Amino acid sequence: MTRPLTAGPMVELSDATLVVFVSDVHMGGDPGADLFESHDELAALFVELGAHPGPVELVLAGDIFDLLRVGEIPPGEDRASVTLARPEYAALVEAWRSFAAGQDRRVVYLPGNHDVEVWWNPDVQRTLQRAGLVHEFSLTYGARYRSAPDRLIFSEHGNQLDESNARKDYDDPSESPLGDHVVTDLIRPISPRAHLTRGIPLRDLSNVHPLALVPEWLAGRLFYLLLGRVVTYVLLPLLATVAVAYALVYVVATARGEIPDAAVVDAVFATIGLLVAVLLVAFVLAFAVLRRLLHRSIEFIAPHLAGINEEMASLERVQQLKDLNALLPNRSDVTYRDLDVFVWGHSHAPSLTLVEHRQDDIGIAASCGCWLRQLHPIRAHFGAPPVFLSRFVLTHVRVVRSPNGLRAELWEHVRHANQRLMWIERLAVLGRLSPMTDPVGPRVMSTATIPAETPKNR
């Protein structure tokens, strides 16, 4: 194990080395509280990297395990060992182990806010090393290619850019940022409770992206749930009853040679229309009130949820720190201005962008994204509440030495998600569901390249 010192050495890479950054897998958790659903896809990535013809540096940039979601553990075990022992992870762990055992393969583990115990708990470190999964533990990762010694590639998890999840001392197990308490005292206890009500699984709270939209998701889900029940159990039976009653009146009147009064017919349909209008207005008002209450209730915990303030770890925040020449929180000998390729995680929002600081001084800012299923809103018809669709976000970042300089690539593994929608939600977004035409598997989302040489006026 290595712990970075103030002037610790950087890794020197051969030009043939591929550097891969993976973060926010969130493996593990108490039953019903775990988020990870993409075992096969991550295993496939490890297999692919194992077959790469040159050296590979695999940087696990935090929150690979979600140790905050693991409660009580049996004697003699630790949170990593009980996670690795889960049968659904067997193939994934074997692929991970096979990669780590390969020639010219190195796995560096950086702690995140959900798996900081990997840093301060020697039992967890021994578990991962004895399993043959990790070669080195570090708070940060810094590297340079031999042929581009002035270009710094750097990575940390990114929680230090998020005030509610930043840590002052990674060696202190008693330090507990407020974000930790939100997970351990709020999310972990309620997630295993399958549903707030039928159709609203509480475990999906953590899948809403961004988390600031949790009130919209809850209010909209309740709106469509109640509206669906009213339509099914009130409106349809009422319409059926009225239709049957009118049919009987018509049959009896016809049998007597009478013609039903048109005014009576108009009154019946007017009554039905008025009832439907009143119910719709009531639902709209109820939705507005509920959404307001949920927004107010979440205002307290909103700043303390990892990812809800993802803009704090976004391109704009990185640019601001680069302009201020701020020191890195986990490495006091490096400033943000020194970074040429900066890779982080934490926000669950994949991105790859060229950052311009001064003339001819450009760098690359990349967010690894995550390996999770997310719920994203789409606009519904007639101004109805948004409907949240499932989407798998399975992304990672690669850095290679190319003939043109340093190239960063944002990759994703395409996996189509089944939509868990109520029939009335499907009706609300009819015609707006995108067809699943993308081929399943890995692909490059975007690339960015910077010259191998840094400008002289840096």
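The values are calculated or read from the model by the stated rules, or taken from the named source; none is laboratory data. Because the structure is predicted, anything quoted here is derived from the model rather than measured. With ideal geometry, Cβ positions are generated from the backbone for all residues, glycine too; neighbour counts draw on all protein chains shown.
Quick notes on this structure:
- For the range 109-132, the count of residues that are surrounded by fewer than 23 Cβ atoms within 10 Å (Cβ to Cβ), within 21 Å of VAL56 (Cα to Cα) and under 26 Å from the mean Cα position of the chain (by Cα) is zero.
- As a summary of the residue check, HIS157 satisfies the conditions (1) touching a residue at least 12 places away in the same chain (Cβ under 8 Å); (2) surrounded by fewer than 16 Cβ atoms within 10 Å (Cβ to Cβ); (3) not in a strand (DSSP E or B); (4) not β-branched (Val, Ile, Thr) except for the one numbered (2).
- Helices (runs of 4 or more DSSP H) wholly inside the range 24-131 containing at least 3 residues that are touching a residue at least 40 places away in the same chain (Cβ under 8 Å), within 17 Å of TRP371 (Cβ to Cβ) and assigned by TED's automatic domain parsing to the domain that holds ARG398: 39-50, 90-100
Listed here are the residues, each with its yes/no results for (1) farther than 30 Å from VAL343 by Cβ; (2) free of Cβ contacts under 8 Å to residues at least 12 places away in the same chain; (3) small (Gly, Ala, Ser).
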position	(1), (2), (3)
PHE388	no, no, no
THR395	no, no, no
SER402	no, no, yes
HIS413	no, no, no
ALA417	no, no, yes
TRP423	yes, no, no
LEU427	yes, yes, no
SER434	no, yes, yes
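- The condition of being in contact with a helix residue (DSSP H, G or I) (Cβ under 7 Å, 6 or more places away or on another chain), on the phi < 0 side of the Ramachandran plot and of a type outside the set (Phe, Trp, Tyr) holds for only one of PRO455, PRO385, PRO435, that being PRO385.
- Only one of LEU339, LEU274 that is of a type in the set (A, V, I, L, M, F, W, C), modelled with pLDDT of 75 or more and under 30 Å from PRO111 (Cα atoms): LEU339
- So PRO192, is it assigned to a strand (DSSP E or B) and modelled with pLDDT under 95: no
Per-residue answers, yes or no, for (1) touching a strand residue (DSSP E or B) at 6+ places or on another chain (Cβ under 7 Å); (2) under 30 Å from LEU226 (Cβ atoms); (3) acidic (Asp, Glu):
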position	(1), (2), (3)
GLN374	yes, yes, no
HIS381	no, yes, no
SER402	yes, no, no
LEU406	yes, no, no
ARG432	yes, yes, no
PRO442	yes, no, no
PRO455	yes, no, no
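- Considering the range 385-433, the residues that are within 18 Å of ASP24 (Cα to Cα) and of a type in the set (Val, Ile, Thr) include one that is surrounded by the most Cβ atoms within 10 Å (Cβ to Cβ), namely VAL397.
- Given (1) at pLDDT below 80; (2) among the acidic types (Asp, Glu); (3) closer than 30 Å to TYR336 by Cβ, index of the condition ASP171 fails: (1)
- Selection count, the range 21-37, where residues are at pLDDT below 95 and either over 17 Å from VAL118 (Cα atoms) or surrounded by fewer than 21 Cβ atoms within 10 Å (Cβ to Cβ) (or both): 8
- For the range 198-228, filtering for residues that are in a strand (DSSP E or B) and either touching a residue at least 60 places away in the same chain (Cβ under 8 Å) or closer than 24 Å to LEU394 by Cβ (or both) leaves 2.
- Condition broken by ARG415, with the remaining ones in (1) farther than 30 Å from ARG146 by Cα; (2) at pLDDT 90 or above; (3) out of contact with any Phe, Trp or Tyr (no Cβ under 9 Å at 6 or more places or on another chain) satisfied: (3)
- Identity of the residue in the range 195-244, of a type in the set (A, V, I, L, M) and within 22 Å of PRO350 (Cβ to Cβ), that ends up modelled with the highest pLDDT: VAL208
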